[in-house]
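The values are calculated or read from the model by the stated rules, or taken from the named source; none is laboratory data. What you see is a predicted model; the values in this text were computed from it and never measured. As a convention, Cβ positions derive from the backbone with ideal geometry for all residues, glycine included, and neighbour counts pool all protein chains shown.
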Amino acid sequence: MIALSLIHLFITVTESGSFARAAAKLDVSLPAVSGGMARLEKALGTRLWDRSTRPGRPTEAGLRYYEQVREGMSLLERAERALLESRRDIHGYLHVTSNRFIAEEFLLPHLKTFSDNHPRLTLNLHLAEVLPEETGKQTDILFGVTLEGMAHHAQKPVGVTRHILCASPKFLSTSGTPATPASLSHFAFIGHSMRPHPGEITLAGGQTLRLNPRLLMNDSAGIRTMALNGAGIAWLHEYVVRDALADGRLVEILPEHAREPQTLYLYYAYDVYLQPGIRAFVDFFAERAS
């Protein structure tokens, strides 16, 4: 394998424009530069520098090689800076956005430990149901399932959830219980207005139904409350209704047709040089998930 020192030497020669200027910049002798270039060319089996004129210039092969190794060296330099930054005391602000139920299930139980590990890092936790484009540039971390508008962000799995159709015993006693997915259209449905199609639900095997909501709300907690009050059938994540299902205040409907479990992610803007606070947060919660 070619030593990185020889590649660095070649980059310096190319950017300096001559062996002499590269030697001065690196604080080495001219013969050391000449000998290093010769060893690199021998290892690659091709001429990188045209020495027929002074001060010389890169050959066509040398220019191609320079473009490739310069990019690689830049990545190495950024990775080194990121590692050095990670060793320093992490401080500053970290802005995290999550809805309340995700936070209580996956985030808050571990947040004190993370905060204790980084006492100089201030966490600004925004609990709200928002679309990615509504979070603004201040959000560093966003928790969610599969979010549209986040295709260019990196993601780390932090948990698993599933959607559940449910209603209160009172509603089912007065309105009856749906026997098939097709029969859902005959029942009152409470839709989430922030979904692209508020009345759309997805069942097992990707089966999609579009219902006509009797009530629309932009908040899962509100939908849960209205379902508890007997206003209709709701389609909510398990972490929103787990306690109500456990004590019988809500009943799962058509469990045999339930959608397959989904992965819950934390999203963040990817960069080779990632802000130390973001990197620490991502690594911490990814480790908890594993």
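Odds and ends about this structure:
- Residue in the range 119-133 that is farther than 28 Å from T12 by Cα, part of a helix (DSSP H, G or I) and at pLDDT below 85 present: yes
- Verdict on I141 being modelled with pLDDT of 90 or more, surrounded by 13 or more Cβ atoms within 10 Å (Cβ to Cβ) and under 19 Å from the mean Cα position of the chain (by Cα): yes
- Test: F281 is buried (at least 19 other Cβ atoms within 10 Å of the Cβ) and more than 18 Å from T161 (Cα to Cα): yes
- Checking S115, S5, S52, S74 one by one, the residue that is without any contact (Cβ under 8 Å) to a residue 40 or more places away in the chain, surrounded by fewer than 17 Cβ atoms within 10 Å (Cβ to Cβ) and not in a helix (DSSP H, G or I) is S52 and no other.
- The listed residue being more than 45 Å from the chain's Cα centre (by Cα), among the hydrophobic types (A, V, I, L, M, F, W, C) and in a helix (DSSP H, G or I), out of A20, A43: A20
- Within this structure, I201 passes the test of being part of a strand (DSSP E or B) and out of contact with any Cys (no Cβ under 7 Å at 6 or more places or on another chain).
- Residue identified as of a type outside the set (D, E, K, R), part of a helix (DSSP H, G or I), touching a strand residue (DSSP E or B) at 6+ places or on another chain (Cβ under 6 Å) and assigned by TED's automatic domain parsing to the domain that holds P169 among A234, A221, A227: A227
- Members of the range 252-278 found to be touching a Pro at 6+ places or on another chain (Cβ under 8 Å) and surrounded by fewer than 18 Cβ atoms within 10 Å (Cβ to Cβ), listed by number: H257, T263
- Selected residue [farther than 30 Å from D283 by Cβ, crowded, with 16+ Cβ neighbours inside 10 Å, touching a Gly at 6+ places or on another chain (Cβ under 8 Å) and at pLDDT 95 or above] from G199, G232, G191: G191
- Any hit, the range 267-282, residues being touching a strand residue (DSSP E or B) at 6+ places or on another chain (Cβ under 9 Å), β-branched (V, I, T) and farther than 22 Å from I102 by Cα: no
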